[in-house]
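The values are calculated or read from the model by the stated rules, or taken from the named source; none is laboratory data. Model, not experiment: these values are computed from the prediction. A quick note on method: Cβ atoms are made from the backbone with ideal geometry, for glycine too, and the neighbour counts reach across all protein chains shown.
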Amino acid sequence: MGGLREKIGAASRAGLRKALIPFGESIKSEGNESLDMGGLSRELGIEITEISTLSEAIYQFTGKDLEIEYPPISIDKEYASTMESLSVELCRRSDALRQASADIESSANITELLESALNGTQRGKNAFDSGEFYSSASYCFGANVEFGNVILIKQNASKA
């Protein structure tokens with residue numbers, strides 16, 4: 001059992017209000033003595049709850065039941081159309097910024113930024129092809145920021 005009384009006691013001393021124990025531990029005995037979980041709970045001022053799954057533990061900590069099946073989210077057609085247009089514009093901008101940064105001499109920090117920007121652009125295009133327009137716009141926006149940083153480094157711009 002591994003000192004259940006001691007573990008619950010340590011939780012209580014640490015200021016915790018609840019201790020989770022594996023299901024079935026409350027009926028086992030420690031040495032020759034059966035533990036009275038109700039009495040131990042009152043004695044230490046801590047709630048003792050048996051759980052058998054990770055979902056139960058998450059419920060005890062958050063109140064969210066992971067076993068609940070939530071209905072699928074429906075995306076408004078106008079929203080999808082707006083995100084598609086935004087994605088197209090942001091990914092076009094990524095291509096233009098990529099071309100503008102193509103002649104930049106490589107250095108360690110620029111190479112890393114360029115690779116990240118190129119990766120973001122590709123992920124944006126892949127998401128677009130999958131109809132995931134919000135993700136596409138997000139990836140391309142991130143790539144635009146990285147390409148912009150590369151261009152600023154090339155121009156030797158600094159934070160003034």
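It is to be established whether one or more residues within region 26-43 are at pLDDT below 85, touching a Leu at 6+ places or on another chain (Cβ under 9 Å) and assigned to a strand (DSSP E or B). Yes; the residues of region 26-43 include at least one that is at pLDDT below 85, touching a Leu at 6+ places or on another chain (Cβ under 9 Å) and assigned to a strand (DSSP E or B). Just a yes or no: is a residue in region 120-129 without any contact (Cβ under 8 Å) to a residue 12 or more places away in the chain, assigned by TED's automatic domain parsing to the domain that holds SER81 and farther than 12 Å from CYS91 by Cβ? Checking region 120-129: not a single residue is without any contact (Cβ under 8 Å) to a residue 12 or more places away in the chain, assigned by TED's automatic domain parsing to the domain that holds SER81 and farther than 12 Å from CYS91 by Cβ. Scanning region 99-108 for any residue that is surrounded by 15 or more Cβ atoms within 10 Å (Cβ to Cβ) and either in the same structural domain as PRO22 (by TED's automatic domain parsing) or within 19 Å of LEU152 (Cα to Cα) (or both) turns up at least one such residue.
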